[in-house]
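The values are calculated or read from the model by the stated rules, or taken from the named source; none is laboratory data. The structure presented is a predicted model; accordingly, all values stated were derived computationally and were not measured. Reconstructed Cβ throughout: ideal geometry from the backbone, glycine too, with neighbour counts over all protein chains shown. What goes into the accessible areas is simple: the full protein's heavy atoms, side chains included, and nothing from ligands, DNA or RNA. Shrake-Rupley method; radii C 1.70, N 1.55, O 1.52, S 1.80 Å.
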Amino acid sequence: MEIRSGGPDDVPVIMAMLDGAVAWLASNGRTGQWGAEPWSRDPRRVERITGIARDDEILVAEADGRPAGVMAVAPGPPSYVGAADEPELYITLLVTDRAFAGRGVGTALIGEARRLARARGAGLLRVDCYGGGDGRLVEYYRRQGFATVAEFKVGDWPGQVLSQRVDAAG
């Protein structure tokens, strides 16, 4: 697996991965996270992803010659999360192509986020995610070394902010 820099040209890839994730979640009765309709059909969601691709740093994991996952990082959180009182790197998007599920794509991208945080002198790596349903997404991030530091709601959507320390030694 290789990780390359991405950007706005990767929006179609990101949208396809999100649509695949929504379809998989919906087929498993888990519509609370992202609903049941493809993100690519919702202009607000397309604009949100286009903004992330334009404003944040995009990293694309490639395996078997094709995109396997995408992560976006920024020096601070989205507007619905309070800023940290120290330098941080914030994961604003992490999605894996369903064809590569279970192959360590997310782990590799999170590892790259840790490396970037250290290289930039940020001692904190944060992410937020869906905090409802069966809790499997929160548990995934906990297995990646994150701990819940806050809960929040955007409308009726429950979320959690998770963080981990990143030190110079790695």
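Taking region 69-100, which residues are in contact with a helix residue (DSSP H, G or I) (Cβ under 7 Å, 6 or more places away or on another chain) and among the hydroxyl-bearing types (S, T, Y)?
Of everything in region 69-100, those that are in contact with a helix residue (DSSP H, G or I) (Cβ under 7 Å, 6 or more places away or on another chain) and among the hydroxyl-bearing types (S, T, Y) turn out to be T92, T96.
May I ask you to list the residues in region 140-157 that are of a type outside the set (A, V, I, L, M, F, W, C) and closer than 11 Å to D128 by Cβ?
Those that are of a type outside the set (A, V, I, L, M, F, W, C) and closer than 11 Å to D128 by Cβ: Y141, T148, E151.
Here are G111, G82, G76, G102: which of them is open to solvent by 20 Å² or more (accessible area, probe 1.4 Å), assigned to a loop (DSSP other than H, G, I, E, B) and modelled with pLDDT of 95 or more?
G76
Could you list, in sequence order, all residues of region 114-142 that are under 27 Å from W157 (Cα atoms) and open to solvent by less than 30 Å² (accessible area, probe 1.4 Å)?
The answer is L124, L125, R126, V127, D128, C129, G131, G132, G135, V138, Y141.
Of everything in region 31-42, what is over 18 Å from G155 (Cβ atoms) and either of a type outside the set (D, E, K, R) or in a loop (DSSP other than H, G, I, E, B) (or both)? Give them in sequence order.
Result: P38, S40.
Is there a residue in region 147-158 that is in contact with a strand residue (DSSP E or B) (Cβ under 9 Å, 6 or more places away or on another chain) and farther than 26 Å from W34 by Cβ?
Scanning region 147-158, I find no residue that is in contact with a strand residue (DSSP E or B) (Cβ under 9 Å, 6 or more places away or on another chain) and farther than 26 Å from W34 by Cβ, so the answer is no.
If you go through region 136-170 one residue at a time, how many are closer than 20 Å to A83 by Cβ, touching a residue at least 24 places away in the same chain (Cβ under 8 Å) and part of a loop (DSSP other than H, G, I, E, B)?
Result for region 136-170: 1.
For region 1-29, what are the residues that are among the polar types (S, T, N, Q) and not in a helix (DSSP H, G or I)?
Selection gives S5, N28.
Before we move on, is G133 more than 17 Å from the chain's Cα centre (by Cα), in contact (Cβ under 8 Å) with a residue 40 or more places away in the chain and within 24 Å of A21 (Cα to Cα)?
Values: more than 17 Å from the chain's Cα centre (by Cα): yes; in contact (Cβ under 8 Å) with a residue 40 or more places away in the chain: yes; within 24 Å of A21 (Cα to Cα): yes.
Yes.
Pick out the one residue from I52, I91 that is under 23 Å from L162 (Cα atoms), in a helix (DSSP H, G or I) and under 15 Å from the mean Cα position of the chain (by Cα). Explain how you work it out, then say what you get.
Details: I91 fails: in a helix (DSSP H, G or I).
That would be I52, the only listed residue that is under 23 Å from L162 (Cα atoms), in a helix (DSSP H, G or I) and under 15 Å from the mean Cα position of the chain (by Cα).
For A68, state whether it is open to solvent by 60 Å² or more (accessible area, probe 1.4 Å), of a type outside the set (K, R) and either in contact (Cβ under 8 Å) with a residue 12 or more places away in the chain or within 28 Å of Q164 (Cα to Cα) (or both).
Answer is no for this residue.
So, of the residues in region 1-54 that are open to solvent by 80 Å² or more (accessible area, probe 1.4 Å) and among the hydroxyl-bearing types (S, T, Y), which turns out to be modelled with the highest pLDDT?
That would be S5.
Which condition number does E57 fail, the rest of (1) more than 13 Å from the chain's Cα centre (by Cα); (2) open to solvent by 40 Å² or more (accessible area, probe 1.4 Å); (3) over 23 Å from P158 (Cα atoms) being met?
Here E57 meets the rest and fails (1).
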